There are 2 protein chains.
Amino acid sequence: MSPSNTNVRAKRLPEHDCATVRRVVDRIGDKWSLYLIGTLKDGPMRFNEIARNIEGISQRMLTLTLRGLERDGLVSRKVYPTKPPSVEYVLTDLGRTLLEPVNGLVLWAQKNTTQILQSQEKFDKKTAT
Amino acid sequence: MSPSNTNVRAKRLPEHDCATVRRVVDRIGDKWSLYLIGTLKDGPMRFNEIARNIEGISQRMLTLTLRGLERDGLVSRKVYPTKPPSVEYVLTDLGRTLLEPVNGLVLWAQKNTTQILQSQEKFDKKTAT
DNA sequence: CCCCTGCAAGGAGGCACTTTCATGTCACCA
DNA sequence: TGGTGACATGAAAGTGCCTCCTTGCAGGGG
């Protein structure tokens, strides 16, 4: 698994697999994307509704993160002809399909967080000596 | 879904779920962790073997990333009493269990990369107008 | 003697991400 | 009239990640 695009014969995942999954992880790995996906999974929401739901996100980051999700086709944006403007965001069909693998990570995380924290504690104790 | 630790009754994932999955995504979301996990899934490897397998990674980042994976209990490290030193890294049982959800992301990515790229192209064309 | 090997570590610098602050437009309300 | 709301945008600043370079130790080989 190497970020290089060259094909290398080796006992490891094909490199394009890793590059491909990296793009997904880069997408959902920024600070706010998973929060947005999780918020929108319950149905359409407007910009400030989302802002109120997600504690701590700046308006700048809400705009930018929604923009990125829309660009990737995971979220769609519908502007209503109102004043002030009213914009509705909703997970697309594609965005919905991402919920299953994301849930896989959630379940794994729930199952293993305790063990990971214990491992970190043990490791830190060992290296602090 | 909010990074806050407060419990909020809302039609969305429990907040600690999101904080929990964020830790996993932070773990595997750095530049090199997935490459290392993918490389080690085939069996134990030594430090410079890994370095040669993963194109582009600096020695600094290899050390730091292995350190982080070890701290989380996903990788284990065995030092052999040789000169020069010889260290073997291997995925732990816990590390192996991460392969399934990671594969879920790989499969989703393989299935949807084309659609995402098309969506990006369409979006970029629209905003360039 | 010099270079290479293995496996690190520290520090400087660059880049990207995020926050903060200010700004914009228009309608509505007290 | 001024403040508020909705939904943005741009710029500056701070932070963190990563690369690059150098260093360290000991053994082996040309």
Response to the item:
With criteria (1) more than 12 Å from chain A (Cβ to nearest Cβ); (2) within 12 Å of DNA strand D (Cβ to nearest atom), B:L34 comes up short on (1)
Response to the item:
All-but-one check, B:S119 against (1) within 7 Å of chain A (Cβ to nearest Cβ); (2) under 16 Å from A:R22 (Cβ atoms), failing number (2)
Discussion item. Being in contact with a Cys (Cβ under 6 Å, 6 or more places away or on another chain) and open to solvent by less than 60 Å² (accessible area, probe 1.4 Å) is the requirement here; does B:G38 meet it?
Written reply: yes
Worksheet item: Residues of region A:95-129 being touching a residue at least 12 places away in the same chain (Cβ under 8 Å) and open to solvent by 60 Å² or more (accessible area, probe 1.4 Å), which ones?
Response: A:R96
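Quick check: anything in region A:71-78 within 16 Å of DNA strand C (Cβ to nearest atom), β-branched (V, I, T) and in contact with a Leu (Cβ under 8 Å, 6 or more places away or on another chain)? Can you show your working first?
If we filter region A:71-78 for residues that are within 16 Å of DNA strand C (Cβ to nearest atom), which is where we start, we get A:71-72, A:74-75, A:77.
Those still in the list that are β-branched (V, I, T) too: A:75.
When the remaining residues are screened for being in contact with a Leu (Cβ under 8 Å, 6 or more places away or on another chain), the result is A:75.
Checked against the condition, which is being within 16 Å of DNA strand C (Cβ to nearest atom), β-branched (V, I, T) and in contact with a Leu (Cβ under 8 Å, 6 or more places away or on another chain), region A:71-78 yields at least one hit.
Go through region B:26-35 and report how many residues are open to solvent by 40 Å² or more (accessible area, probe 1.4 Å) and within 13 Å of DNA strand C (Cβ to nearest atom).
Step one: filter region B:26-35 for residues open to solvent by 40 Å² or more (accessible area, probe 1.4 Å), giving B:26-27, B:30-31.
From what's left, within 13 Å of DNA strand C (Cβ to nearest atom): B:26, B:30-31.
Residues that pass the stated criteria total 3.
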Worksheet, complete the sentence: When region B:16-25 is checked residue by residue, the ones that are open to solvent by 20 Å² or more (accessible area, probe 1.4 Å) and either within 14 Å of B:L105 (Cα to Cα) or among the hydrophobic types (A, V, I, L, M, F, W, C) (or both) are B:A19
Worksheet item: From the set of residues in region A:51-67 that are more than 10 Å from chain B (Cβ to nearest Cβ) and closer than 26 Å to B:N112 by Cα, which is farthest from DNA strand C (Cβ to nearest atom)?
Response: A:L66
Worksheet entry | Tally, over region B:38-50, of residues that are within 9 Å of DNA strand C (Cβ to nearest atom), out of contact with any Phe, Trp or Tyr (no Cβ under 7 Å at 6 or more places or on another chain) and within 12 Å of chain A (Cβ to nearest Cβ) | 1
Worksheet item: When you scan region A:50-78, how many residues do you find that are open to solvent by less than 50 Å² (accessible area, probe 1.4 Å), more than 8 Å from DNA strand D (Cβ to nearest atom) and of a type in the set (G, A, S)?
Response: 3
Practice prompt. List every residue pair whose Cβ atoms lie under 8 Å apart, where the two residues are 6 or more positions apart in sequence or sit on different chains, the first residue falls within region A:9-29 and is at the interface with chain B (Cβ under 7 Å from one of its Cβ atoms) and assigned to a helix (DSSP H, G or I), and the second residue, located anywhere, is modelled with pLDDT under 90 and open to solvent by 10 Å² or more (accessible area, probe 1.4 Å).
Written response: A:C18/A:P3; A:R22/A:P3
Worksheet item: Within region A:79-94, restricting attention to residues that are open to solvent by less than 80 Å² (accessible area, probe 1.4 Å) and more than 14 Å from DNA strand C (Cβ to nearest atom), which residue is nearest to the other protein chains (Cβ to nearest Cβ)?
Response: A:L94
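The values are calculated or read from the model by the stated rules, or taken from the named source; none is laboratory data. Fair warning: this is a prediction, and the values are worked out from it, not measured in the lab. We place every Cβ from the backbone using ideal geometry, glycine too, and count neighbours over all the protein chains shown. Just so you know, the surface numbers come from the protein's heavy atoms only, side chains and all, with ligands and any DNA or RNA stripped out. Shrake-Rupley method; radii C 1.70, N 1.55, O 1.52, S 1.80 Å.
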